[in-house]
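Asker: Before anything else, here's the structure in question.
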């Protein structure tokens, strides 16, 4: 059992880190000690809520600790009276405190400490103006620890040894740094960059016990171990209350909505503690707002496989107003059939349970990511790499990767990619030379069989581009350098190619179903952007390695010669305008 001095040091934060870990581990085995730690943490939160001023809180805390540690009565009495006179002008209650002092110390030391705290809180509240907002009702199962890189700790102005999750505390991550909030039972919240949480419950919370916190802004992915039914994990947001007994889910707060996505198990969602809760099952999502009762629906799409906003250029179907023009460059099959019409640019998926690695750009820290098999990343100097975050909100685009001796990743270029964004960005030589995301337009595994519902990405040979031409919307960047291209070509970087509507895809000899047919449908309904150039006449980028796809050469050699330029693909008429040929992609996040 810890000594009073150890408990006092734990309360004031001076206990060494190793001893703190030992004490908290002992608390996990001893319910009585655990309750005592929680009560002490709540007392600290109550002091902060009641006194407000940090100096006042510190002085009263020192006086309480002095009682526990056995300071003589006379010295302590003089210290407390001196503190209160210094912090507030003298009131009648200082005389009351002086008279009540001898009686208070007829109690044992610890009881006297409690009485001193209560008396101090009462008189301080009498001598202070009423707060504008009531102090939040706090309830947090301790201990919990934060796992982050050194750079995140620097941004928080603290370190792992001093940080502790105490009621009333607010945690705001930097916009380029993530962290993991780990509980003693193995439950973990993977916090995305910029996320803001508070370790408290709202004033109207009528429940106590278990793990409770507030997600103020941002998002996280949670892996929650089975919780006692009477003490579940509760996450409060500005729009909802999420109750979890044990499952995996994602939660985000954006604008006026809270969005819940359940991966496994089930989670209860309600607008407040009094509303009837909605049960959201695995594979379902629900959105809560102050003025709308949440309703479950199937996850619209997985941004790891089908990314970007529904109005992104990557998800815009062609329209009935599209105008076509034959390609005036050398035919793509002029030198013979296309032999290798595809190339893989496989994204890498980070691991929620993997080690936390720093990501550096030429020696400058840019963020972090959880990744187990770092050695699987391609190391080519000009090889772009996309690493998808497990929370399904962001990705990192890297160029020129090197792995440090400590396992961190250093790259020549690092860009953050919003999976619910446009899929476009500033130009970066080697990574985004024309503003197109490295993730945009990738043909993913299974899509040729189930149906392709987005625009594709392709490269053409440099000699087939128009010489001296600048990129066309939505591409950015420099003009085709001298000595490259053809003066008669109408192909530019950013050109949208597609099968005209009069082409009967069922008559191409590819059947009426299967991968060749689905590829032809996609190129007629969505098209393919020219996103770069290389040595191959025509090459489509894949999201995965697909060895043994025998259908590809035959299908591409029938389809590619029929592609034409969509000449009126503009910001005002994306896809040519008019009635879309396909339904738009479902929204990833509410607007």
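None of the figures in this text is laboratory data; all of them are computed from the coordinates on show. For clarity, every value in this text was computed on a predicted model and none was experimentally measured. Cβ sites come from the backbone with ideal geometry, for glycine too, and all protein chains shown count toward neighbours.
Asker: I'd like the FRET efficiency for residue 508 and residue 22, computed as 1/(1 + (r/R0)^6) with the beta carbon distance as r and R0 of 60 Å, rounded to 0.05.
Answerer: Efficiency at R0 = 60 Å is approximately 0.25.
Asker: Pull out the extension gain between residue 470 and residue 264, defined as 0.36 nm times the separation in residues minus the alpha carbon to alpha carbon distance; nm, one decimal.
Answerer: Residue separation times 0.36 nm, minus the Cα-Cα distance, leaves 69.3 nm.
Asker: Can you put 268, 225, 211 in order, fewest other beta carbons within 10 Å first?
Answerer: So the ranking, lowest neighbour count to highest, is 225, 268, 211.
Asker: Once both labels are modelled 7 Å past Cα along the beta-carbon direction, what's the residue 403-residue 583 spacing in nm?
Answerer: 4.3 nm
Asker: Apply 1/(1 + (r/R0)^6) to the Cβ-Cβ distance of residue 372 and residue 185, taking R0 = 22 Å, and write down the FRET efficiency to the nearest 0.05.
Answerer: 0.45
Asker: If packing is taken as the average number of other Cβ atoms within 10 Å across a peptide's residues, how do 169-175, 398-404, 478-484 rank, most packed first?
Answerer: The densest-packed peptide leads the list: 398-404, 169-175, 478-484.
Asker: Sticking with this one: Which whole-number percent gives the relative contact order of the stretch 348-422, counting Cα pairs below 8 Å spaced six or more residues apart?
Answerer: Here the relative contact order equals 31 percent.
Asker: In which sequence would 438, 489, 289, 297 go, from the one with the fewest C-beta neighbours within 10 Å to the one with the most?
Answerer: Final ranking by Cβ density, sparse to dense: 297, 289, 489, 438.
Asker: Give me the distance in nm between label points sitting 7 Å out from Cα along the Cα-to-Cβ direction at residue 484 and residue 379, one decimal.
Answerer: 2.8 nm
Asker: Please order 178, 200 by the number of other Cβ within 10 Å, starting at the fewest.
Answerer: Going from sparsest to densest Cβ surroundings: 200, 178.
Asker: Next up: Would you calculate the separation in nanometres between label points at residue 230 and residue 217, each defined as 7 Å from the Cα along the Cα-to-beta-carbon direction?
Answerer: Roughly 3.9 nm, to one decimal.
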